[in-house]
Amino acid sequence: TRNINNMGLFGQSKKKPDPIQQAKEWKRQMIREQRKIEREINSIKREEQKIKLEIKRAAKRDDMITAKTLAREIVRTNKAIERLYTTKAQLNSVAMSLQSNIATIKIAGCMQQSAQVMASMNSLIKLPQMHQQMMTMAREMEKAGLIEEMVDDMMEMDDEDDIEELADEEVEKIMFEIVSDIINPAPAVVNVPLPQQEQQEPQLEQGAQPNPQDDIFQQRLQAL
């Protein structure tokens, strides 16, 4: 008997997706997500530089309350960047595993279950910003036999309590780094003349006689 799940209209069997093409498409999606994350990291870093400038201005005004409030934002952005780098590493891990699986498919003719892909996808679907997309991809991977069934679970990203616990220590460290040039300004740069600049007058070559015209010219200069 035919499996009804594999039946299309008028009793025709559905054509199974090409596993190699599936794996390649998943890999392309992983690479696209990595690029998006890299752009997001760069954007956050640019905003971080703006916040640091505002902290410097507040410190010069001796407005330490504003400076520390802004420094806490630096703590939050650093945590966000750390999470993004972790996510990017997991996406890269899946992409590398898919590349390896493509080589296996060419030999065996079918996908092999991958514990590494399973672990990375399990972490990715818990991220709120990637949950829906990664869950859809995980379902496709389950049907293809690449991973086992996954639980639709999303991780809460509320870490405000952790930020507050570490805030004072982190803020003091950041404040020291940012305002150190205000408290202890760097010494002024001294311009040291180059050796060739120190010799203003041409020297006579050994054995050369002074030119009488030069003496007359010097006398006229002194008379001015």
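The values are calculated or read from the model by the stated rules, or taken from the named source; none is laboratory data. Everything quoted here is computed from the prediction, not taken from an experiment. No Cβ is skipped: glycine too gets one built from the backbone with ideal geometry, and neighbour counts run over all protein chains shown. Note: accessible area is taken over every heavy atom of the protein model, side chains too, but ligands, DNA and RNA are not part of it. Shrake-Rupley method; radii C 1.70, N 1.55, O 1.52, S 1.80 Å.
Annotation for the stretch 131-149: no member residue is open to solvent by 80 Å² or more (accessible area, probe 1.4 Å), closer than 22 Å to residue 34 by Cβ and either in contact with a Phe, Trp or Tyr (Cβ under 7 Å, 6 or more places away or on another chain) or in a loop (DSSP other than H, G, I, E, B) (or both). Of the residues that sit in the stretch 57-80 and are free of Cβ contacts under 8 Å to residues at least 40 places away in the same chain and of a type in the set (Lys, Arg), which one is surrounded by the most Cβ atoms within 10 Å (Cβ to Cβ)? Ranking the qualifying residues of the stretch 57-80, first place goes to 57.
Within the stretch 99-121, the set of residues being out of contact with any helix residue (DSSP H, G or I) (no Cβ under 8 Å at 6 or more places or on another chain) and surrounded by 17 or more Cβ atoms within 10 Å (Cβ to Cβ) comprises 118 only.
Yes/no matrix, rows are residues, columns are (1) at pLDDT 70 or above; (2) not polar (S, T, N, Q):
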site: 93; (1), (2): yes, no
site: 97; (1), (2): yes, no
site: 121; (1), (2): yes, yes
site: 148; (1), (2): yes, yes
site: 171; (1), (2): no, yes
site: 182; (1), (2): no, yes
